[in-house]
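Visitor: Pasting a structure below so you can have a look.
The values are calculated or read from the model by the stated rules, or taken from the named source; none is laboratory data. Because the structure is predicted, anything quoted here is derived from the model rather than measured. Counting neighbours? That spans all protein chains shown, and the Cβs are built from the backbone with ideal geometry, glycine included. Just the protein is used for accessible areas: all its heavy atoms, side chains included, with ligands, DNA and RNA removed. Shrake-Rupley method; radii C 1.70, N 1.55, O 1.52, S 1.80 Å.
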Amino acid sequence: MNAMTLSPQGIEWLKKVEGQRLQPYDDQTGKPISAWVQGATVGYGHLILRNEWERLGSGVSLEQAEALLRQDLAPFEQAVSRAISVTQSQCQFDALVILCFNIGGGNFARSSVVKLINNPGSVTTFPTLEAAWMAWTRSHGKVMKGLVNRRAAEWRMYSTGAYTHW
């Protein structure tokens, strides 16, 4: 079986949520930067590694932003394919990749979301898959409205196939 990839519809959804910035910025503050900092970001949420700063620090073209996104998505598509052992529809796979992209592959692989998808009878601290999904709403220990909205939209994609935003 061929490994699934994020659909064009899923990519467009993610691009809209991540936003496009062709000049580097600090992911924590959203402010433009002219020197590398931890959290330096460009394109569609691409975290710039220190050794990439020379190449990406002056900004990227739209084509480069698209290429970086595709490159960034590949490990998350693979992480979802490895972690999920039951067949998923395209919209379910898309929602899982988008969640994984946001929370990280390690967190995703160990999550109650994965446990409950693979075995709905798994014992977790959450009463439902939706509750486990919606638990990923904190940044630096605080519930963030943007993450609440994002998780709800991802859950709609997963559970109903609706690629809608908030």
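Visitor: Mind giving me the FRET efficiency for LYS31 and TRP166? R0 is 30 Å, r the Cβ-Cβ distance, nearest 0.05 is fine. Could the numbers behind the result be given before it?
Guide: Details: r = 24 Å, r/R0 = 0.80.
Working from the Cβ atoms, E equals 0.80.
Visitor: Could you state, as a whole-number percent, how many of the C-alpha pairs of the range 85-155 are farther apart than 17 Å? All intermediate terms of the calculation are to be shown ahead of the outcome.
Guide: On the way: 1029 of 2485 pairs.
Within the range 85-155, distances greater than 17 Å cover 41 percent of Cα pairs.
Visitor: Based on the Cβ-Cβ distance of VAL148 and LEU62, what FRET efficiency does E = 1/(1 + (r/R0)^6) give at R0 = 25 Å, to the nearest 0.05?
Guide: 0.25
Visitor: I would also like to ask the following. Roll a 1.4 Å probe over the protein heavy atoms and report the accessible area of THR125 in Å², nearest 10.
Guide: Number for this one is 120 Å².
Visitor: May I have the count of lysine pairs in the chain with C-alpha atoms under 23 Å apart, counting pairs 8 or more residues apart or located on different chains?
Guide: 6
Visitor: Share of the range 1-125's accessible area from carbon and sulfur, percent, 1.4 Å? Could the numbers behind the result be given before it?
Guide: On the way: 3480 of 6780 Å².
C and S atoms contribute 51 percent here.
Visitor: Work through the residues other than ALA40 whose Cβ is under 13 Å from its Cβ and net out their charges, Lys, Arg +1 and Asp, Glu -1. Mind showing how you got there, number by number?
Guide: Details: positive: ARG21, LYS31, ARG50, ARG55; negative: ASP26, ASP27, GLU52, GLU54.
For residues surrounding ALA40, the net value is 0.
Visitor: While we're here: If I take every Cα pair under 8 Å that is 6 or more residues apart in the chain, average their sequence separation and divide by the length, what percent do I get for the relative contact order?
Guide: About 20 percent, as a whole number.
Visitor: Per residue, how large is the accessible surface of the chain? Use a 1.4 angstrom probe and give square angstrom.
Guide: 55
Visitor: Let me ask something additional. Rounded to whole Å, give me the distance from the Cα center of the range 89-161 to that of the range 1-63.
Guide: For the range 89-161 versus the range 1-63, the Cα centre distance is 22 Å.
Visitor: With everything on Cα atoms, drop me the angle between helix 62-83 and the longest principal axis of the chain, reported from 0 to 90° to the nearest 10.
Guide: Between the helix axis and the principal axis of the chain, the angle is about 30 degrees.
Visitor: Further question on the same structure: By its C-alpha gyration tensor, with a ≥ b ≥ c as the square roots of the eigenvalues, how is the chain shaped: rounded for a/c under 1.5, else prolate for a/b larger than b/c, else oblate?
Guide: Here the chain falls in the prolate category.
Visitor: Probe radius 1.4 Å, ligands and nucleic acids left out: which of HIS140, HIS165 has the largest accessible area, and how do the rest follow?
Guide: HIS140, HIS165
Visitor: Once the whole set of protein chains is in place, how much accessible area is left on PHE93, using a 1.4 Å probe, in Å² to the nearest 10?
Guide: About 10 Å², ignoring ligands and nucleic acids.
Visitor: Can I ask one more? Summing +1 for each Lys or Arg and -1 for each Asp or Glu, what net charge is found among the other residues whose Cβ lies under 13 Å from the Cβ of ARG138?
Guide: +4
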